[in-house]
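This report concerns only the one structure given below.
The values are calculated or read from the model by the stated rules, or taken from the named source; none is laboratory data. Fair warning: this is a prediction, and the values are worked out from it, not measured in the lab. Neighbour counts are summed over all protein chains in view; Cβ atoms, including those assigned to glycine, are modelled from backbone coordinates with ideal geometry.
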Amino acid sequence: MKFFRFEKEVGSPIKQFDSQEAHYIKVLRSKQENNVGFIQIDVGGVVGNHQATMQQLFIVVQGEGWVTGTDRERISIKSGEGVMWDKGEWHESGSENGVLALVVEAKTLDTSLLQERKTTR
């Protein structure tokens, strides 16, 4: 049995896109084009507006925050909820109180088993 750390201290600060108080903690990389990791956004932090390089599923596992799509309108998101952006879609995420999200990126994500949330703005 092996134990691993996933705190922001073992990750890397996200500095691109005018991001602030946000860290990426890599969980998995495979030979196929996909990634799994955590994004920790601290109090008042933001991962700035940028295009998704592939489909991206952002699942909040702790805390609450907000996300945007191409229209830049902030939509609240909390623990137990997630959002998916398509390849090329502009998006941003942030939090007033801190949020931890599991991020899954892949060329194609099958979300047919996921239950869709009604959007509240």
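For region 4-28, filtered to residues that are among the β-branched types (Val, Ile, Thr) and under 14 Å from the mean Cα position of the chain (by Cα), the residue that is farthest from Val99 (Cα to Cα) is Val27.
May I ask you to list the residues in region 1-21 that are outside any strand (DSSP E or B), crowded, with 18+ Cβ neighbours inside 10 Å and not polar (S, T, N, Q)? Before you say what the answer is, go through the steps one by one.
Filtering region 1-21 down to residues outside any strand (DSSP E or B) leaves 1-11, 14-19.
Add one more test, that the residue is crowded, with 18+ Cβ neighbours inside 10 Å, and what stays is 8, 11, 14, 19.
Answer for region 1-21, where residues must be outside any strand (DSSP E or B), crowded, with 18+ Cβ neighbours inside 10 Å and not polar (S, T, N, Q): Lys8, Gly11, Ile14.
Would you confirm, using the coordinates I've provided, whether Glu105 is in contact with a strand residue (DSSP E or B) (Cβ under 8 Å, 6 or more places away or on another chain) and within 17 Å of Gln40 (Cα to Cα)? Criteria met by Glu105. Where strands (runs of 3 or more DSSP E) fall wholly inside region 22-121, the ranges with 2 or more residues that are modelled with pLDDT of 95 or more and buried (at least 19 other Cβ atoms within 10 Å of the Cβ) are 34-51, 55-68, 90-94, 99-106.
Among the residues of this structure, Ile59 counts as one that is in contact (Cβ under 8 Å) with a residue 12 or more places away in the chain, among the hydrophobic types (A, V, I, L, M, F, W, C) and more than 16 Å from Pro13 (Cα to Cα). Taking Val61, is it of a type in the set (A, V, I, L, M, F, W, C) and closer than 23 Å to Lys118 by Cα? Here the answer is yes, as Val61 does meet what is asked.
Can Phe3 be described as touching a Gly at 6+ places or on another chain (Cβ under 6 Å) and either among the hydroxyl-bearing types (Ser, Thr, Tyr) or at pLDDT below 95 (or both)?
Answer is no for this residue.
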